[in-house]
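Encoded as C-alpha cells, the structure appears first; notes follow it.
The values are calculated or read from the model by the stated rules, or taken from the named source; none is laboratory data. Remember, it's a predicted structure, so these values are computed and weren't measured experimentally. Quick reminder, even Gly has a Cβ in these numbers, built from the backbone with ideal geometry, and neighbours come from all protein chains shown.
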Ligand SMILES: NC(=O)c1ccc[n+]([C@@H]2O[C@H](COP(=O)([O-])OP(=O)(O)OC[C@H]3O[C@@H](n4cnc5c(N)ncnc54)[C@H](O)[C@@H]3O)[C@@H](O)[C@H]2O)c1
C-alpha cells in the first residue's frame, strides 16, 4: 500500500484553504487545517472525512501566534510522524490610498500575510530537514508581482512572500525541500468579510472584483494541486495575470506602465475616475 500523504493548510476553514483541503481529501491525503473560525473549521473537517480523507484534523491556530503553529507542528509530528506539504494560505486584504492607510492597518496585514507565512516556514522547516523532504507552498497573489494602485499594504506583503519563497528555494533545495509560490488574480471567497478599506467605495469595488473572478476557488485549488505535483516554483492560476507578469518582465517599462494603467482604471471607484 502506498503511504498516505499529509498536508497542513492554514486558513483552511474558508475559500481557497477549504477548496485545497477538499482537493487533497479527494486524493486520499490526510489533511489538517487551522483557522480562527472554529464553527467553519469543524464543518470543513466533517466535509473532509466525507470527501475521503483518511484523517482530518482541525486546530484553532492564529498565524500571528508562533506558539499556536508550534502546537500544530508538535501534534502532527506525534499523530502522523511528519508532514509532506505545508500550505501557508491564511490571509487578509486591505485597500486604501497611501495617505489614508493607518500604520495600525499596515502592522495588522504584515503580521498576518507576511509574518504568518514566515512563522509557518520557520516552524515546519526543521521537520522537513529531519525528513530530508517536504514542500512549502506559500499563497501570495498577482498583487505581489504587479503593483495595483490603492493596495500598497496588500501588495507589499504579497511581494515579500514572493521574495521569501524565492530565498527558500535557494536555501532549502540542498535539503530536498521544494517550494512553490502561488499568485492568483481575483476569485470569489469570503475574503471580503475580514477586508479593511480606508474608503467604503474601495471596499465595494474590491467586493465586485472578487465576484467577477473568472476562476472559482475550486479551479484555483486544482491548478495549485497540479502545480505542486509538478514541483512548479511559480504557480500563476490565471492566464491573464500571467500575461501581464510576462509583459512587466519583458516589455520596456514605460510601455508596460501605460498598458497597466489602462487595465487598472476599472479598479478605481467611479467617483475617482
Ligand atoms: N480571493 C482572492 O481573490 C485572492 C486572490 C489572490 C490571493 N488570495 C489569497 O488567498 C488566501 C486565502 O484567502 P481567501 O480568498 O480564501 O479568503 P477567505 O477569507 O475566504 O479565507 C481566509 C481564511 O484565513 C483565515 N484567517 C485570517 N486570519 C487568520 C489568522 N490570523 N490565523 C489563522 N487564520 C486566519 C480566515 O478565518 C479565513 O478562514 C489569502 O492569502 C489571500 O490573500 C486571494
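Among the candidates 77, 64, which residue alone is modelled with pLDDT of 95 or more and either over 20 Å from the mean Cα position of the chain (by Cα) or more than 13 Å from the ligand (Cβ to nearest atom) (or both)? Walk me through how you get there before you give the answer.
Details: 64 fails: either over 20 Å from the mean Cα position of the chain (by Cα) or more than 13 Å from the ligand (Cβ to nearest atom) (or both).
After ruling out the rest, the residue left standing is 77.
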Checklist (1) touching a residue at least 40 places away in the same chain (Cβ under 8 Å); (2) closer than 30 Å to residue 108 by Cα; (3) not in a helix (DSSP H, G or I) applied to residue 76, failing item = (3)
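Would you confirm, using the coordinates I've provided, whether residue 188 is in contact with a helix residue (DSSP H, G or I) (Cβ under 9 Å, 6 or more places away or on another chain), surrounded by fewer than 19 Cβ atoms within 10 Å (Cβ to Cβ) and closer than 22 Å to residue 95 by Cβ?
The answer is yes for residue 188.
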task = Check 109, 98 and return the single one that is in contact (Cβ under 8 Å) with a residue 40 or more places away in the chain and within 10 Å of the ligand (Cβ to nearest atom).
result = 109
message = Just the residues that are outside any helix (DSSP H, G or I) and either within 13 Å of the ligand (Cβ to nearest atom) or crowded, with 24+ Cβ neighbours inside 10 Å (or both), please, taken from segment 21-41.
response = 31, 32, 33, 34, 35, 36, 37
inquiry  = Against the definition (more than 15 Å from the ligand (Cβ to nearest atom) and at pLDDT below 95), how does residue 126 come out, yes or no?
reply    = no
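When you scan segment 126-139, how many residues do you find that are in contact with a helix residue (DSSP H, G or I) (Cβ under 8 Å, 6 or more places away or on another chain), farther than 17 Å from residue 228 by Cα and part of a helix (DSSP H, G or I)?
Taking segment 126-139 first, the residues in contact with a helix residue (DSSP H, G or I) (Cβ under 8 Å, 6 or more places away or on another chain) are 127-129, 132, 134-139.
From what's left, farther than 17 Å from residue 228 by Cα: 127, 129, 132.
Okay, now just the ones that are also part of a helix (DSSP H, G or I), so 127, 129.
Final tally of qualifying residues: 2.
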key: Residue under evaluation residue 91, criteria (1) under 21 Å from the mean Cα position of the chain (by Cα); (2) part of a helix (DSSP H, G or I); (3) within 29 Å of residue 143 (Cα to Cα), criterion not met   = (2)
key: Long-range neighbours under 6 Å by Cβ, at least six apart or interchain, first residue free of Cβ contacts under 8 Å to residues at least 24 places away in the same chain within segment 233-248, second assigned to a helix (DSSP H, G or I) and surrounded by 16 or more Cβ atoms within 10 Å (Cβ to Cβ)   = 247/256
ask   = Which one of these is at pLDDT 95 or above, at positive phi and surrounded by fewer than 18 Cβ atoms within 10 Å (Cβ to Cβ): 134, 176?
value = 176
key: Selected residue (criterion: farthest from residue 86 (Cα to Cα)) from residues of segment 148-167 that are surrounded by fewer than 19 Cβ atoms within 10 Å (Cβ to Cβ) and more than 15 Å from the ligand (Cβ to nearest atom)   = 149
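May I ask you to list the residues in segment 193-207 that are in a helix (DSSP H, G or I), farther than 19 Å from residue 264 by Cβ and more than 8 Å from the ligand (Cβ to nearest atom)?
200
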task = Find all pairs meeting these conditions: Cβ atoms under 6 angstrom apart; at least six residues apart or on different chains; first residue within segment 1-20 and assigned to a loop (DSSP other than H, G, I, E, B); second residue modelled with pLDDT of 95 or more and more than 10 Å from the ligand (Cβ to nearest atom).
result = 4/30; 4/54; 5/29; 5/84; 12/21
